[in-house]
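The values are calculated or read from the model by the stated rules, or taken from the named source; none is laboratory data. The structure presented is a predicted model; accordingly, all values stated were derived computationally and were not measured. Neighbour counts run over all protein chains shown; Cβ positions are idealised from the backbone, glycine included. Just the protein is used for accessible areas: all its heavy atoms, side chains included, with ligands, DNA and RNA removed. Shrake-Rupley method; radii C 1.70, N 1.55, O 1.52, S 1.80 Å.
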Amino acid sequence: MNIIELVKQVLSTFPKIAELNQGIGIDFTESKTDNCGLYPNGDQILKEDIVGNQDRQHNFVLYARFQSFVDYDRLANSTFLLELAYWLERAANDQEIEVTINDKTVTGTLTKLSSANGMLFGYDTENLTGPVTYQLQIYAQYHLESEVL
């Protein structure tokens with residue numbers, strides 16, 4: 001399982017994710033309310049040791065579509081993102097991943113999940129009481145064992 005598949009799987013175990021009728025899509029968010037999409041947007045090496053072990057980070061944006069008819073709805077939407085951010089901080093438990101680099105399979109573990117910038121991203125129509133999209137940036141840090149070992 002690669003880092004994208006693993007983060008999607010971890011997010012799907014968030015207890016309140018059941019509030020989203022369509023679950024979690026990859027690179028796709030439906031136009032109706034109560035669904036979300038996970039958008040991978042880059043991977044980078046944070047550090048590498050002398051034998052080739054790597055600490056890496058993969059960045060994502062989660063877009064979630066909710067109703068925003070009244071202030072209560074908008075508060076509930078922001079609370080959903082806040083609770084997800086808190087939950088993510090404890091969700092990385094050294095889950096195993098496999099990555100293919102130059103036709104070689106390298107194993108690793110998820111070491112940390114964090115998030116930032118949970119906020120209202122945009123209105124879908126000019127009607128301010130219609131569906132809205134929220135975003136949450138998610139950072140997945142993971143460790144890969146050297147392919148030489």
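Couple of notes before you dig in:
- For the pair the stretch 92-130 / the stretch 51-70, the C-alpha centres are spaced 3 Å from each other.
- Of all accessible heavy-atom area on the chain, the percent that carbon and sulfur account for (1.4 Å): 50 percent
- The chain - accessible surface per residue (Å², probe 1.4 Å): 56 Å²
- Relative contact order for the chain, counting Cα pairs under 8 Å that sit 6 or more residues apart, in percent: 25 percent
- Calculated [222 nm] ellipticity per residue, helices only, for the chain: -6000 deg cm²/dmol; basis is -39500 (n - 2.57) per DSSP H run with n ≥ 4, divided by all residues, nearest 500.
- Restricting attention to the chain, the count of lysine pairs at 8 or more positions apart or across chains with alpha carbons under 25 Å apart stands at 10.
- Folded to 0 to 90 degrees: helix 3-12 orientation relative to the chain principal axis, Cα: 40 degrees
- GNM result for the chain, Cα springs below 10 Å: residue of E96, E126, E48 fluctuating most strongly: E126
- Sum of side-chain charges, F28 neighbourhood, beta-carbon under 13 Å (Lys, Arg +1; Asp, Glu -1): +1
- Most mobile listed residue (R74, R65, R90) in the chain, GNM with C-alpha springs under 10 Å: R90
- Relative counts (whole %) of C-alpha pair distances in the chain, using bins that are 10 Å wide: 11, 40, 28, 15, 6, 1
- Cα long-axis angle, helix 71-88 against the chain (0 to 90 degrees, to the nearest 10): 10 degrees
- Residue of L75, L110, L136 that the Gaussian network model of the chain assigns the largest fluctuation, springs spanning Cα pairs under 10 Å: L75
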